[in-house]
1. Only one of the listed values, (1) 36.2; (2) 29.1; (3) 32.1, was derived from the coordinates as mean projected area of the Cα convex hull in nm²; which label is it?
2. In percent, how large is the relative contact order of segment 26-86, given Cα pairs closer than 8 Å and 6 or more residues apart?
3. Assign unit charges at the C-beta atoms only (+1 for Lys and Arg, -1 for Asp and Glu), then state the dipole size of the chain relative to its Cα centre in Debye, rounded to the nearest 20.
4. Under the Karplus relation 6.51 cos²θ - 1.76 cosθ + 1.60, θ = phi - 60°, what is the ordered set of whole-Hz ³J(HN,Hα) values for segment 336-353, x standing for Gly and Pro?
5. Kindly provide log₁₀ I(q)/I(0) values, in the same order as q = 0.13, 0.17, 0.27 Å⁻¹, from the Debye equation applied to equal alpha-carbon scatterers of segment 106-177.
6. On a 0 to 90 degree scale, rounded to 10, what angle separates helix 319-335 from the longest Cα axis of the chain?
7. Principal axis lengths of segment 127-169 from Cα atoms, whole Å, largest first?
8. Taking amide H positions as placed in the peptide plane 1.01 Å from N, state which residues far from CYS56 in sequence (5 or more) or on other chains have amide H under 5 Å from it.
Amino acid sequence: MALQHPRPLGNGVRTDHPVPDLPFVNDSHIPVEDPVAIEAVGRHPQTDMWGREDRCYDSGGWAAFTTDPIRHDLAWCVRWHPEHGRSVLLYRDEDAAVVHDHWQRGPLLFRSGGYWWDGTTWYRPEQVWDVAAEEYLRRPVPAAITVYAADLLDGNGNPDRGRVHSVANVDPASPPTGNWPDDLALWAESGKHRPPAECAVKLAAPELGPDQLVGAAELAEIGGVAASTVRAYLSRSEGDVPDPQAMVGGRSVWSRPVAEEWAEQRRRSPEGFAEAVRAGADLPPGSEELHGRFARRFFSVLWNNPAMRKRWALRWRNPDAVRELADGLALDVVTDLPGIVPVWDIGNVLRHAILDDWADQREQHGGEDPVPYGISLPTSRLLSWLIDHAPNVAGQAIGQTIGEAGRRFGISRELSEASIRIALAPSDAADVGRGEFLVRVLGPRKPASRQAKQDSS
């Protein structure tokens, strides 16, 4: 899946790197200098607010976000770097965690539909996933030039006509507009940021020139799909279509290299792999074998069994008889799940995945235990699937994980169990089965010791 960066709604007045054409919004009610204080603004249990701060160990500095205390549908995201300063941007609240995660990967700025800057080099939007390296390929933009605020303050903007908006007046569906050069001139006068010569605003590159931009029809041609398919992808947010680099005459346009990398990723995606394996057939070889297996099994049940064959007489052609027959066939498939899906292998893989998650977190915390350990969303989803479909396998996998975490990393049983409880907590109070499963696998919840409470506070 392409790494698509949500579009911000506004620049904070104290940002060092304003996004072109976005309004400036008053951020004076947010403590943008202190990541812990930013997080604290949103940390209100039993509310729809949230906040978080993290160090960016690979690229330096920190990132933090908080739900806006006035507008809970909006959030402020802040990225600070010791050399390049601070970005303060307003987003939809549901996008804040995604932005936070993207900034932790290394990018400092996102511009022109996903092009990003790490403080030294501009890169194209990350689309092509390297399976072996488990990361997106980073492809630098040839001849890229960073455009700074000082380059744009050419005297055309009038600060007297510039505007700073209140967060209460921001409409996510239609952010406020104005004359951006005037707004930029007013921002420059505020003195609440680095010198304009150090404030990166955007990039300029040959591949973003008008002659290198393609519309939806050309994007489809490059990607090897019909133009109608691309239009459907765009309307449904499917197909991992990259964000456009610009809008020309109300139409989205993409740089040709971005379009070509989208086509490359389609070839290297799971769907692309399946297309190669099918070699023109309707199904991959394994699916063809499974289809034949069940076709033979159902034929035997429906025709070779004399007691069943008589149901094809006219008197058996009624909804109840057909429903009973369908239920029996469905049950036959469900009870053969281990013959279709290698659930025991999945349990073993999940154990390794959770331990790998925890090993990474211990390394990030300098060998110390985070409280609690987290489980990545894909791993948590698969473990939930296994619980719902093969609880005996899931229970054994969880038990083995807890044991191995203690042997390999010295993680206490109590901490392992608490971490798994948090990751697998029932999403609905009515989900009694999930709660009972956790009780039977992990035992009753134990009250936290006084020392544990002190350590987590």
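Values quoted throughout were computed directly from the atomic coordinates according to the rules given, and no laboratory measurement underlies them. Note that the structure is predicted; figures quoted are calculated from it, not measured. With ideal geometry, Cβ positions are generated from the backbone for all residues, glycine too; neighbour counts draw on all protein chains shown.
1. Structure-derived value, by its label: (2).
2. Here the relative contact order equals 25 percent.
3. Using only the charged Cβ atoms, the result is roughly 1680 debye.
4. Going residue by residue, I get 9, 3, x, x, 9, 10, x, 5, 5, 5, 4, x, 5, 5, 4, 4, 5, 5 Hz, with x marking Gly and Pro.
5. Debye intensities relative to I(0), on a log10 scale: -0.65, -0.89, -1.16.
6. Roughly 70 degrees between the two axes.
7. Cα extents, longest axis first: 55, 34, 11 Å.
8. Amide H to amide H, under 5 Å and 5 or more residues apart or across chains, CYS56 pairs with GLY61, TRP62, ALA63.
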